[in-house]
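One structure is given here, and the rest of the page talks about it.
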Amino acid sequence: MKLTTLAIRNIKRNFQKYIMHFFSLSFSVFTAYSFLALMQNEYVITAFTYSTRYRAMLKGFGIIIMVFVIFFLISSNKSFIRARKKEISTYALFGMTNRNIGKLLFLETMIVGFAALIIGIGLGIFFSKLVAMILLDISLASFTGDIAFTIDPKAIYLTIIIFISIFGVMGLSGLQVINKFQLVDLFKADKVSEGKSGGSKISLIISLMLIGTGYYLASLDDPLTVVGVSIPVLILVILGTYLFFWGGLPEVLSFIKRNKSSYYRGINLISTSAFSHRMRSIGSTMATIAILSAVATTAIATGFTLYKNIEKNTYDIIGYDMYFYGGQEKILDDIYRAFEKHHTKIIEEYTTQRYITSPQMEKIVVDDSRYIYDETDYFRVYSQSVYNKLVSLSKSDLKPVHINSNEAMYVSPYIFEELDEAVVGQLLTFSDQTIKITSTLRSGIVSFGALRTLVLNDNDFERLLQSGDILGVNKNGIPYDKVTIFNYENPLKSRALDNELTRILSGNVGSYRTAYNHYNESLETFGLICFIGFFMSMVFILMTASLLYFKQVMAAEEERHHYRMLRKIGMDSQVEKRVIVKRLLPVFLIPLLIGITHSIFAMKAADTIVFSNMIPLENSYIIVLAFSAVMYSAYALVYGIFYFITKGQYSRIVK
Amino acid sequence: MQILKVENISKIYGGKKSTNKYVALKNISFEVDKGEFVGVMGASGSGKTTLLNILGSIDKPTTGRYIMDGKDIATLNKDELAKHRINNIGFIFQDYNLLDTMTLKENIILPLALKGHKVNIIEEKLFKITKDLGITKILDKYPYEVSGGEQQRAAACRALITSPRIILADEPTGNLDSKSGKDLLELLTFINKEYKATILMVTHDVFAASYCQRIMFIRDGEIYNQLYAGDNKKQFFDSIIDVMSVLGGEGR
Ligand SMILES: Nc1ncnc2c1ncn2[C@@H]1O[C@H](COP(=O)(O)OP(=O)(O)O)[C@@H](O)[C@H]1O
Ligand SMILES: [Mg+2]
């Protein structure tokens, strides 16, 4: 068992290097276990997995995470082995066969892996309750309960199986790295392996053009086009990013080098040359990280924005905590009783008559389809004062309006630019009066079931009601249903009250809606998306950041003698500190900035496709960016922390 | 004019409490004048590198003082030492110690860049020195793309470009073949004559030492003997061999 002893001794001796390796392994195990345990958790199963849609979503997410974990582990394992090149070559020099070296490394991986499995699963068990509670809490508005602490044997068993196979793959890929080593590498050290990174103007220009085209397509205005080009955009941007790191960035660096008056400052000279020397080996990693950062920040920003807008969106659509029309006489008493029973105070209550009108007007055709008016169509119609009352009671952002006489405002949930242009200026001909539509509003709140709504000046409304142009009764002389709205305490949390209200209302009124219902349906879907976004981002952030840490610490081992030499020729400690900052900062900053820039454009596309419908404002993109900025800052913060950890470790090594 | 004065320098490795103390230098005193080309010889392990590192302020003596430019160097703090090194000392090492992330040109201008000189001054000095030392053609190559002799010449340029008070060379020919070694020695002689540079060169190679004007022999951390070059180079060479055979160093 000589190999085992050697393996254990190696681990002890390389403890500094191993600790990070160990951390990333444990974290991967933790991630996998947490996810698997989540899938088995009975609360989560009852909350989500009854629906095939949610189950598919969770499964797909699980696969993405696992693929990423494997990529991460293999790539960090490879750079770990490379960092020990000298040691390994020494074994070879002393006549150890590649097979035996492979066995040795495999043993080391297994010993460390086994420890990581125990720690990772242990942490997973410890935090499993927390993870499940976070998911349920952000996905279910009414979730207040406590869930039991569980240890899940199936998840443990699956995690162990998965990771033992991954460790096997890691071992094999390590063997492949070893086989590529040549004995001469030992003597040449790292001098030839990296070399000049070949940048060229052409690749810089092409990469910028690819990315630029992607950005341009992503920021087109038409939602359908944006959906259509999404795959080409992805391909353009990913290709562009890799090309930028392979050929573009080296060119930028050589451009910086050509500016002698700044390049010939000691600090710039040392850090820029060291960074550009590393470009080739770290370029692909940086590109991958930039893209993963883009994915993660986009996922998290989308989730966060959706999540934060669910409540607002609910009121933009429903307007009130509850409304119904028809059947007031029958059920109002029951409703009051229900509120009393659940100790809920009614904050607002308002009932109003609904009217319709069918003036003569031109047909308006946009895009070959009829949009506004036909003989059989009608408008719901409000006087300015009733409209303003409804608006002031609503929980949306709508503002009261002032309508001049002989003018009207057109309100509909479906208004877009062309329609807006076509509608404004239209004349409505009533029996002895014409009224001109002078403005439009996109909203569904006051329509209560109608597609088209008009708001008129109070006097006009009164006159038209007198003249019979506005009707409060249908052909058979039966009055239209009145509408009643309610706002009350704690509308989005009280499940019991909502159940009772729903029971009273359903079947007894013309129609009804409650904010609770809409909110909770949205929350279930978006909460899950949001949770997945958070979880995935957390994994991506931590793993990419630790990959960078890893690469830099390995590089530090190699760059140590540079610093020793620089100190000999007279670099003082101030300069040394600044050199280290300039050497490391770009490694973290460039992928982060590129990732965030990608994400800003991805959010633009997401805004066009999703948010512009959710957020009824001129400039929904600004709102989206504001929410995204919160998540970008969080991302940058984690990277910042990792940067400082890396800097500390790097400085310690080169000292 | 005196450039360097060493008084009773001792170096003990292994700290005060350590049981296996090792005395690398014992009470060494000597002086170096401006424009001298001094050799330090001795067998392997006799303390030559230790002495050179102390003179270069990379290492500190355990006791004793050495004075350069009227200043007791041992009293300077870390950053003052760095400043002292960059202003007053040029190093040439056995393994060249060029940064392989930089081209030869960048390596050579590094000390000036660290000192914060202007581009035009840097380029002017670079041009003159690389022309004199004959490496203008390979300036844009990386160290691993050129021969050892060329790397060492670049290292010499780097040591020289700041016009230091003294150039310290630790077995500069140690890794070179005899032709490149000879070239480098001639180069050092040229630097010594043309640039009036003061050079202190450590070597255990008799041929290399014969280029010096004065040789100090070190044995077991002490100065054992000194030799001055006369007019007769052959005679100087022979007397070096004689001393070295007593010291046990191998002659070439
Ligand atoms: N850092 C150190 N710690 C302990 N002993 C050292 C150290 N550096 C050198 N020595 C010892 O001091 C003696 C002189 O070394 P050195 O000056 O390198 O010799 P030379 O250059 O003449 O071959 C050697 O015996 C060496 O083992
Ligand atoms: Mg030596």
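What follows is calculated from the coordinates using simple rules that are stated; it is not laboratory data. On a predicted model such as this, the values are computed, not experimentally measured, just so you know. Don't worry about glycine lacking a Cβ; one is built from the backbone with ideal geometry, like all the others, and counts go over all protein chains shown.
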What order, most packed first, do the peptides B:199-212, B:74-87 have when packing is the mean number of other Cβ atoms within 10 Å of each residue? B:199-212, B:74-87
Sites residue B:233 and residue A:111 - FRET efficiency at Förster radius 60 Å, r taken between beta-carbons, to 0.05: 0.40
Entries in A:551/B:118; A:86/A:568; A:363/A:475; A:363/A:604; A:129/A:312; A:85/B:21 that, when Cα-Cα distance is taken, lie over 28 Å: A:551/B:118; A:363/A:604; A:129/A:312; A:85/B:21
Rounded to the nearest 0.05, what FRET efficiency is calculated for residue B:121 and residue B:31 with R0 set to 30 Å and r the Cβ-Cβ distance? 0.35
Extended-chain gain in nm, criterion 0.36 nm per residue less alpha-carbon gap, residue A:67 and residue A:172: 36.1 nm
What are the ³J(HN,Hα) values, in whole Hz, obtained from phi via the Karplus relation 6.51 cos²θ - 1.76 cosθ + 1.60 with θ = phi - 60°, for each residue of segment A:511-526 in sequence order, with x given for Gly and Pro? 6, 8, 8, 10, 4, 3, 4, 4, 4, 6, 5, 5, 4, 4, 6, 5
Label model pair residue B:67, residue A:574: point-to-point distance (7 angstrom along the Cα→beta-carbon line) in nm is 2.9
Projecting each Cα onto the charge dipole of chain A (Lys/Arg +1, Asp/Glu -1 at the beta carbon, about the Cα centre), which of A:632, A:93, A:54 comes out farthest on the positive side? A:93
Within 10 Å of each Cβ in peptide B:141-148, how many partner chain Cβ atoms are there on average? Round it to a whole number, please. 2
With x for Gly and Pro, the residue-by-residue ³J(HN,Hα) of segment A:639-652, computed from phi through the Karplus equation 6.51 cos²θ - 1.76 cosθ + 1.60 at θ = phi - 60° and given in whole Hz, is 4, x, 4, 5, 4, 5, 4, 4, 4, x, 5, 4, 4, 5
Where a ≥ b ≥ c are root eigenvalues of the Cα gyration tensor, a/c under 1.5 meaning rounded, otherwise prolate if a/b exceeds b/c and oblate otherwise, chain B counts as oblate
What shape does the protein assembly as shown take by its C-alpha gyration tensor, where a ≥ b ≥ c are the square roots of the eigenvalues and a/c under 1.5 counts as rounded, a/b above b/c as prolate, and the rest as oblate? prolate
For segment A:30-98 and segment B:93-127, compute the distance between their C-alpha centroids and round to whole Å. 47
Linear extension gain, residue A:179 paired with residue A:466, 0.36 nm per residue minus alpha-carbon span: 93.8 nm
Give the peptides A:595-606, B:215-226 in descending order of average Cβ contacts within 10 Å, highest first. A:595-606, B:215-226
Could you tell me the distance between the Cα centroids of segment A:219-236 and segment A:292-363, to the nearest Å? 33
Expressed as a whole-number percentage, the relative contact order of segment A:1-192 with C-alpha contacts under 8 angstrom and at least six residues apart is 40
FRET efficiency for residue A:99 and residue B:196 from the Cβ-Cβ distance with R0 = 60 Å, rounded to 0.05, comes out at 0.45
Using a 10 Å cut-off around each Cβ of peptide B:49-62, what is the average number of partner chain Cβ atoms that fall inside? 1
Potential extension, residue A:284-residue A:489 segment - 0.36 nm per residue separation minus Cα distance: 68.3 nm
To the nearest 20 debye, what is the magnitude of the charge dipole of segment A:322-519 about its Cα centre, counting +1 on the Cβ of each Lys and Arg and -1 on the Cβ of each Asp and Glu? 760
Given backbone amide H placed at 1.01 Å from N, residues whose amide H is under 5 Å from that of residue A:200, ignoring those fewer than 5 places away on the same chain, are A:251
When the C-alpha atoms of segment A:1-192 are aligned to their principal axes, what extent does each axis show, in angstrom, from largest down? 67, 30, 24
Classify segment A:322-519 from the C-alpha gyration tensor, please: rounded if a/c falls under 1.5, else prolate or oblate depending on whether a/b exceeds b/c. prolate
Partner chain Cβ atoms within 10 Å, averaged over the residues of B:97-106 - can you pull that number for me? 6
Here the relative contact order (percent) of chain A, from C-alpha pairs under 8 Å and at least 6 apart, is 20
Search the structure for amide H atoms under 5 Å from the amide H of residue A:489, placed 1.01 Å from N in the peptide plane, and list their residues when 5 or more places away or on another chain. A:345, A:347
Length-normalised contact order for segment A:322-519 - Cα pairs under 8 Å, 6+ apart - percent: 37
The simple spin-label model distance between residue A:14 and residue A:619, using points 7 Å out along Cα→Cβ, in nm, is 5.5
Among the trypsin sites (Lys or Arg not before Pro) within segment A:439-524, which fall in a DSSP loop and have no more than 13 other Cβ atoms within 10 Å of their own Cβ? A:475
Taking H placed 1.01 Å from N in the peptide plane, check which residues at least 5 places from residue B:167 or on another chain put their amide H under 5 Å from its amide H. B:90, B:198, B:199, B:200
Once both labels are modelled 7 Å past Cα along the beta-carbon direction, what's the residue A:151-residue A:385 spacing in nm? 7.3
Using θ = phi - 60° and the Karplus form 6.51 cos²θ - 1.76 cosθ + 1.60, what ³J(HN,Hα) does each residue of segment B:120-125 get, whole Hz, x for Gly and Pro? 5, 5, 4, 5, 4, 5
